[in-house]
Structures are given as structure tokens and as C-alpha cells.
Amino acid sequence: MANVLVVDDERSMREFLQILLERDGYIVAVADGVRQALKACEQASPDLVFVDLKLKDGSGMEVLSWLREHEPDVQVIMMTAYATTENAVEAMRQGAYDYQLKPFKIEETRVLTQKALEKRALLRENRALRAQLRNDGGLARIIGKSPKMAEVVTLIAKVAPTPASILIEGESGTGKELVARAIHDSSARAAGPFVAVNCGAIPETLIESELFGHAAGAFTGANRARPGLFETATGGTLLLDEIGELPLSMQVKLLRALQERVVRRVGEERERPVDVRILAATNKDLQQLTQQGGFREDLYYRLNVVRVRLPPLRERVEDIPLLARALVIKYGESIGKGVEEVAPEALRALSNYAFPGNVRELQNLMERAVILASGHVIQCQDLPEEVRGNLTAVSDPLAFPDSGMDLEQALERIERGFLETAMTRAEGVKTRAAQLLGLTQRSLRYRLQRRGLAGPEANDHEDEGR
């Protein structure tokens, strides 16, 4: 529930705004001058401040200046009955969210309040995303609020502290290595090494040497002894990525290493003990591969003590805006451009896109968009044509693709599009949006929350009888 401070030396104006805002569910404090306002801001930082330009003990610009220095994310709406262009320009230049003339139009005040608080919420979310991106590891690096990702995070939190082997399944680009690192960072082995190897990228003739090491002279080019990745990862975690690509002949040797906790370097007779936790990742269905004879059943069950399935991005559409903003912040900082927001239309196009390349494809899109952006906000024109085209892709919701479709996903996309359109046409006023959609306000709030479109919590407290 948002906190709003009203600063005005006219008692009638303070009471009017207090009644209006409290009716809409906000917590409202009042002050009659600069001194009271600064004291209120120091004691309890508000989310939004309405402040009159002319006060009995000074100017509202003093309050704005103090907030910009001490609480820069607090949104400020200047009020006055004596407006001039110069005053408006100066207030906006110094960081005011907007400028409102007395007397107010009630509906305009409500919309302005909502939009100012949405900006405050976005700034908070961006700060939280920056903190996540700067985090060295652990579960904090996994960005997503969808139910499916919440299940993944809950499962990881339970199994990470244990010594169990974990099989991570998911399509290419879903973030399997990120999850593996989170498991390692949340385990008792966090201080040890994290070593990842792509089993599909190493020639079959070299995979044994890569994993177990070799003695000097073991084969042509082996001029000196070299430890394998099992030994390198001792005391830590070894991720066997694309484990489904491992040759059958090598699977037998890997199974023995896992069971006996020893490895034998190529060209040596003696065995060396290793203390390593094994994580395996694959974009294949290992169970099906096992049934087809392409993967050893005993090794499959050895690796699959716990299975973590990462959903593709098309199954976690509500996470796309959050991921897009996080990536824009990341690339904006690394490239050195002041880009930190994504326009609603661009977010809608991204949310309607199927993302066959999953999160990795989204990363590439956002890096490209940051490079092309001409301002601090990613616009729709900064996205590739195949993504922009998704703004009109739902114009014929009954079109049936030749290749078939995911009905639940299509219905979700259609509902999301109508909700966003109604909220846009209603200028963010949920009462109007509910009327446009033929819904009760309670039903609209439920649908907005389910699709991740609810906005700040305070905006949900609308008068059912209004």
C-alpha cells in the first residue's frame, strides 16, 4: 500500500486530496509547509508527494530539491493555482514527475497518481534487478516470478545443500548452466571450484583424457602429465553439460568413476581418489534416450537422483518483461549507454514472441536493442522485424497454424493482449478497464495479477462501488 504526502498551506485542499486518495486505498499524510514536509519525509519516506509551489514558509521547490538529494526515487507532483510556463519547465527540469493546476479534475488526479506510483515501483524493481545482477551467485541470480520458475527455485533451495547428483533438463538456451552455478553457490562446496564441460564439444578420442587426465607419453602430443576435470573440480562441483552426447563407451567409465569415487588417468595404472559433486545437464529426453538404447540405464539412474526441469521461455511468458528489463540494465551498463527501460509496446511485442532460442535469444535481442536505442528507453523499432510483427500477430486469434499450437499458451496471449489494450484505453484506470471488458473490478484485478500486469499493490485498492 503506497504512502502519499500532501503539502499545502490551504486546509481545504489538504483535506480534499486526503479524502480522495484515502478512498482509493492510499495511506495519506499531510503537511502545511516546508518545515513540516521535510520532517515527514525524514520520519517516513513517502512514495509520492503532492506539494504546492507557494507555501507559507517557503517554496515547494525546496521540498523537491531536498527529495532529489535524499530520496531521488520519490515521485513529486507540483501544484499551483498560478501556473506559468517557466514554473512548469523549472519543476520538471529539477525532477518533478508532473505539474498540476488547481482546481483539479478528480479522474485526472487519480490517473496521474497511479502513473507516478507505477514509475516509483519500476525504479524500485530496477534497483532490485541491479542488485541481483551484481550478486556473485546463488539463487539471487535466477530472475523470474512465474509459478514454474518459483517451483524450480524452491526445488533448488531444497537439494543444493545435499550431496545428491542432479540432472538439469531443458531446451537449449533455458539457463541450465546458470542453475548449476546457483546449486553450487548454495551448497557446502561453494568455496570450491565450479568446473563445466560440454560433453558434445569434445572429440570422442579426447573425452576420456579431458575428464580423467593422462600420463606423459600416453598418446601422441601428450608431452607431460595432465590432471583431468574430475581432479580439477575436487572439493567442488563438476557440471557435465550435454551429457546425452557422451559416447556409450565413455558412459561405462563415467559410471565407475561416480560409483567408486576414483579416476584413472589415461596411460596410468593407479587410481586417484576424487571428491566432487556431479551435476548433469541435457536438452534431450534422457529417459527416452535410455529406452532407445542411446544412454545407459544404470548411468541415467545414477545421475537422476533429483531432476530439475527448466521451462522454456514460452511457458513462462510473465517473466519476459522482468528478464528484458534486467538485461537492458545489464547491457546498458556494460556498453556504457544510459538505457534502462523498455517501452510497454516493446514489452508487449516481446511477450507475444515464441522465443525458440529461449533466454539466450532474449539476451541477444536485448543487447542488440541497447546498441540501437537512441534514448534511454528501448522502443519497438529497436527490436528485430520478426519480434515487432508479433504486435499484430493476435489480430486473427482464430488463425490455426499448420504445425499445430499450444492452446493454453494461445489463450493466455490473447487474454493478456486484451487486458493490456483495455488498461491502455482506460489510461490505467481499472474502473474503466473493467467496464470495457465487461468484468467486475474484482475479476479484473484477479486477471491482471495472474498475468503479471497488476502494477503497484496500492493500485489494486479501488472502491468496488465507485
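The values are calculated or read from the model by the stated rules, or taken from the named source; none is laboratory data. Keep in mind that this is a model prediction, so the values were computed, not measured. Using ideal geometry, Cβ is built from the backbone for each residue, glycine included, and neighbour counts are taken over all protein chains shown.
Worth a mention:
- Considering segment 225-237, and only residues there that are within 15 Å of Val262 (Cα to Cα) and free of Cβ contacts under 8 Å to residues at least 40 places away in the same chain, the residue that is surrounded by the fewest Cβ atoms within 10 Å (Cβ to Cβ) turns out to be Pro227.
- Those residues of segment 9-27 which are more than 17 Å from Tyr97 (Cβ to Cβ) and surrounded by 19 or more Cβ atoms within 10 Å (Cβ to Cβ), in sequence order: Met13, Arg14, Asp24
- Within segment 2-24, not a single residue is in contact with a Lys or Arg (Cβ under 6 Å, 6 or more places away or on another chain) and free of Cβ contacts under 8 Å to residues at least 40 places away in the same chain.
- The number of residues in segment 297-337 being in a helix (DSSP H, G or I) and of a type in the set (S, T, N, Q) comes to 1.
- Restricting attention to segment 191-224, the residues being more than 19 Å from Arg265 (Cβ to Cβ) and surrounded by 18 or more Cβ atoms within 10 Å (Cβ to Cβ) number 2.
- Residue check for Pro456: at pLDDT below 75 and crowded, with 16+ Cβ neighbours inside 10 Å: yes
- When we screen Val30, Val63 for residues that are hydrophobic (A, V, I, L, M, F, W, C) and farther than 24 Å from Met92 by Cβ, the only hit is Val30.
- In segment 298-352, the qualifying residues are those that are surrounded by fewer than 18 Cβ atoms within 10 Å (Cβ to Cβ) and polar (S, T, N, Q), and the one that is farthest from Thr424 (Cα to Cα) is Asn304.
- Selection status of Ser395, of a type outside the set (D, E, K, R), surrounded by fewer than 16 Cβ atoms within 10 Å (Cβ to Cβ), at pLDDT 85 or above and not in a helix (DSSP H, G or I): no
- Filter result for the condition that a residue is closer than 25 Å to Gly170 by Cβ and touching a Gly at 6+ places or on another chain (Cβ under 6 Å), over Val370, Val359, Val387: Val359
- Odd one out for Gly294, checked against (1) modelled with pLDDT of 95 or more; (2) part of a loop (DSSP other than H, G, I, E, B): (1)
- Qualifying residue in segment 122-141 (condition: among the acidic types (Asp, Glu), at pLDDT 80 or above and either outside any helix (DSSP H, G or I) or in the same structural domain as Leu240 (by TED's automatic domain parsing) (or both)): no
- Whether a residue is assigned to a helix (DSSP H, G or I) and in contact (Cβ under 8 Å) with a residue 40 or more places away in the chain was assessed, and Ser172 does not pass this test.
- Note on segment 198-274: enclosed helices (runs of 4 or more DSSP H) holding 1 or more residues that are more than 24 Å from Phe295 (Cβ to Cβ) and within 40 Å of the chain's Cα centre (by Cα) are 229-232.
- Residues (on the phi > 0 side of the Ramachandran plot and in a helix (DSSP H, G or I)) located in segment 338-359: Asn358
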